[in-house]
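Each remark here refers to the structure printed beneath this line.
The values are calculated or read from the model by the stated rules, or taken from the named source; none is laboratory data. Keep in mind that this is a model prediction, so the values were computed, not measured. We work out accessible area using only protein heavy atoms, side chains counted, and drop any ligands, DNA or RNA first. Shrake-Rupley method; radii C 1.70, N 1.55, O 1.52, S 1.80 Å.
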Amino acid sequence: MPATRLSAHEIASALATLKGWSLAEGREAIRKRFVFKDFSEAFGWMTRAALVAEKLDHHPEWFNVYKTVDVTLATHDAGGVTQLDVTLAKAMDALAGP
């Protein structure tokens, strides 16, 4: 069953519960920049996040340079943000720690 696109109100409500996440500019997606201690910590986090994404069958758009990882989440099949994106964002936050 395909994921259902969230309304603008539902996205705003979800963002209120996600620390540091915001709407992406120019498209319906959410984004966050994660900054780690060094490359090893960033890459380790990406590896753990990739395992979660694979279990969800929902894969992020991300870009890594040294200790910084920029993540953008959207559900392409739904044409915007869905609960899958919110679930993956929460998991990524939990993996990154406080």
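Here the accessible area is traced with a 1.4 Å probe on the protein chains. For the chain, carbon and sulfur cover 57 percent of it. When the chain is modelled as a GNM with alpha-carbon springs shorter than 10 Å, which of Phe63, Phe34, Phe43 fluctuates the most? Looking only at Phe63, Phe34, Phe43, the biggest GNM fluctuation is shown by Phe63.
Amide H to amide H distances under 5 Å link Val81 with Leu6, Thr75, where only residues 5 or more positions off or on other chains count and H is placed in the peptide plane. Based on protein heavy atoms only, the chain ends up with 61 Å² per residue of surface accessible to a 1.4 Å probe. The calculated 222 nm mean residue ellipticity attributable to helices in the chain amounts to -14000 deg cm²/dmol, summing -39500 (n - 2.57) over DSSP H runs of n ≥ 4 and dividing by all residues. Shown in residue order for region 42-58 are the 3J(HN,Hα) couplings computed by the Karplus curve 6.51 cos²θ - 1.76 cosθ + 1.60 at θ = phi - 60°: 5, 5, x, 4, 4, 5, 5, 5, 4, 5, 5, 4, 5, 4, 7, 6, 9 Hz (x for Gly and Pro). Fully extending the segment from Lys90 to Ser7, taken as 0.36 nm per residue of separation minus the present Cα-Cα distance, adds 28.0 nm.
Candidate values (1) 22.2, 64; (2) 12.9, 40; (3) 14.4, 52 were compared with Rg and Dmax of the Cα atoms in Å computed on the shown model; the agreeing label is (2).
Once fully extended, how much extra length lies between Thr72 and Glu54, figured as 0.36 nm per residue of separation less the alpha-carbon to alpha-carbon distance? If you can, show how the numbers build up before the last one.
Numbers: separation 18, 0.36 × 18 = 6.48 nm, distance 1.60 nm.
Taking Thr72 through Glu54 to full extension adds about 4.9 nm, to one decimal.
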